[in-house]
Amino acid sequence: MTLFLIGYRGTGKTTVARLLAQRLGWGWTDADALLETRHRRDIRQIFDQQGEAAFRDMESRLLDELCTYQRQVIATGGGVVLRPENREKLKAAGPVIWLTADAATLWQRIQGDAGTAQRRPNLAGGGLAEVQEMLRRREPLYRECAAFRISTVGRSPQEVADAILTEIKSSPPQ
Ligand code: S3P
């Protein structure tokens, strides 16, 4: 089995993937970090040099590979749900868990994470308005893929990982 974490930037996908994997005794992979290693550039450079469509192609190709993994928790990039074929792949490959937070909380977290700002491109002009706009566009896409959603507001990453484990135990995926 493979668990995929989806959700917008700032929902804690990477940290939660690591903690969840520790609890399960599984491996974990951060899809964006693996993509950056493979292409020897950070995502902002890929966007700047080749454009978003090229990045999305790389992301889709990597997702094919990630879908073959076993006993892994995978933190996906926040935009992986944009392509319909990615949503189909995710739904078929594993339980998909949607981490959520409101726009103001996400914007606060993103501002507090300088590494993210440096390595990640702006997607709709930046700022709180960007987060609001992207959530408005993407929430239906996250919802479509997700087996269940977990709010990260007011919870530490460890508490989010615990909430996911409780949910999985109460309704194990078929
Ligand atoms: C993106 C989110 C990023 C990264 C890329 C595009 C998006 O991942 O994949 O910058 O479209 O939301 P994180 O969610 O890890 O920031």
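Taking θ as phi - 60° and the Karplus parameters 6.51, -1.76 and 1.60, the scalar couplings of the stretch 3-11 work out to 9, 10, 9, 10, x, 6, 3, x, 7 Hz in sequence order, x denoting glycine and proline.
Normalising by residue count, the stretch 20-66 has a Cα convex hull of 77 Å³ per residue.
Could you compute the FRET efficiency for A129 and L82, with r as their C-beta to C-beta distance and R0 at 22 Å, rounded to 0.05? E between A129 and L82, to the nearest 0.05, is 0.70. The protection proxy used here, the mean number of other Cβ atoms lying within 10 Å of each residue, ranks peptides 97-103, 22-28 as follows, highest first: 97-103, 22-28.
Can you give the Kirkwood hydrodynamic radius for the stretch 49-174, in Å, rounded to one decimal and based on Cα pairs? Before the final figure, lay out the partial values.
Working: mean 1/r = 0.0625 Å⁻¹.
Evaluated on the stretch 49-174, it is 16.0 Å.
The tail of the calculated P(r) for the stretch 56-103 beyond 16 Å holds 35 percent of all Cα-Cα pairs.
When only alpha carbons are used to place a centre, the stretch 109-152 and the stretch 6-51 end up 14 Å from one another.
Once the piece of chain linking Q108 and R71 is laid out straight, how much longer is it, given 0.36 nm per residue of separation minus the C-alpha distance between them? All intermediate terms of the calculation are to be shown ahead of the outcome.
On the way: separation 37, 0.36 × 37 = 13.32 nm, distance 3.28 nm.
Separation in residues times 0.36 nm, less the Cα-Cα distance, equals 10.0 nm.
Dipole of the stretch 73-174 computed with +1 at Lys/Arg Cβ and -1 at Asp/Glu Cβ about the Cα centre; of A147, G112, L128, farthest Cα towards the positive end is A147.
Sorting 47-54, 82-89 by their mean Cβ neighbour count within 10 Å, with the most densely packed peptide first, gives 82-89, 47-54.
Only Cα pairs under 8 Å and at least 6 apart count here; give the relative contact order of the stretch 21-174 as a rounded whole percent. Present the calculation step by step, with values, prior to reporting the outcome.
On the way: 136 pairs, mean separation 38.8, N = 154.
With pairs under 8 Å counted, the relative contact order is 25 percent.
A straight Cα-to-Cα reach below 18 Å connects K13 with the lysines K91, residues fewer than 8 places away in its own chain not being considered.
Just to be sure I understand: if I project the alpha-carbon convex hull of the stretch 1-108 onto a plane and average over all orientations, what area do I get in nm²?
On the way: hull surface 27.5 nm².
For the Cα atoms of the stretch 1-108, the hull's average projected area reads 6.9 nm².
Annotation: amide H of I6 within the under-5 Å range of I97, W98, L99, sequence separation 5 or more or interchain, hydrogens built in the peptide plane.
Rounded to the nearest 0.05, what FRET efficiency do V153 and Q118 have when you use their Cβ-Cβ distance and R0 = 35 Å? Kindly include the intermediate steps, with their values, before the conclusion.
On the way: r = 25 Å, r/R0 = 0.72.
Efficiency for this residue pair is about 0.85.
Bear in mind these aren't lab numbers, they're just calculated from the coordinates by the rules spelled out. All of these numbers come straight from a predicted model, not from anything done at the bench. So basically every Cβ, Gly included, is an ideal-geometry build from the backbone, and we count neighbours across all protein chains shown.
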